[in-house]
1. When you look at Gly111, is it touching a Leu at 6+ places or on another chain (Cβ under 7 Å) and not in a helix (DSSP H, G or I), yes or no?
2. Mind checking which pairs have a first residue in segment 67-92 that is touching a residue at least 12 places away in the same chain (Cβ under 8 Å) and closer than 21 Å to Lys56 by Cα and a second that is acidic (Asp, Glu) and part of a helix (DSSP H, G or I), Cβ under 9 Å, 6 or more apart or different chains?
3. Can we say Val43 is at pLDDT 90 or above and more than 19 Å from Pro120 (Cβ to Cβ)?
4. Listed residues Leu82, Leu70; which is within 21 Å of Thr37 (Cβ to Cβ) and at pLDDT below 90?
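The values are calculated or read from the model by the stated rules, or taken from the named source; none is laboratory data. This structure is a prediction, so every number in the text was calculated from the model and none was measured. Cβ: placed from backbone, ideal geometry, glycine included. Neighbour counts: every protein chain shown.
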Amino acid sequence: MEATAAKFIYILVLLIFVCQLASLKGAYGAGECPKSTPDKEAVKLLPCAPAAKDMKAAVSRSCCAQVKKLGQNPKCLCAVMLSNTAKMSGANPKIAVTIPKRCNLARRPVGYKCGPYRLP
């Protein structure tokens with residue numbers, strides 16, 4: 001029964017992401033993520049959702065691979081972590097900013113100010 005409820009919640013969150021993306025305008029987020037918007041990039045970080053909500057949750061390889069790509073552009077990474085899509089998924093920004101460190105990314109933007117948070 002719990003597995004079914006978890007699947008339902010996962011599908012519901014995914015549908016919310018899709019609806020959110022469908023309502024975006026092209027100019028939104030221009031500058032932070034040159035080839036996309038923060039909300040569109042946030043969808044790529046869906047494998048990071050558990051780790052962005054719970055500091056004790058394991059960070060998956062697929063999450064780390066996406067964070068590594070985004071980490072090349074700290075401004076975009078920050079915008080994604082603070083995006084409406086990330087908020088709608090239930091991500092906690094204070095926890096989300098720890099993901100690059102939890103992925104052990106050597107070339108992460110340490111100390112980068114992301115809203116009221118700093119990347120460790």
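1. yes
2. Qualifying pairs under 9 Å: Ala86/Asp39.
3. Yes: the conditions hold for Val43.
4. Just one listed residue meets the conditions, Leu70.
This table checks each residue for (1) small (Gly, Ala, Ser); (2) exposed (fewer than 15 other Cβ atoms within 10 Å of the Cβ).
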site	(1), (2)
Gly71	yes, no
Ala96	yes, no
Gly111	yes, yes
Tyr117	no, no
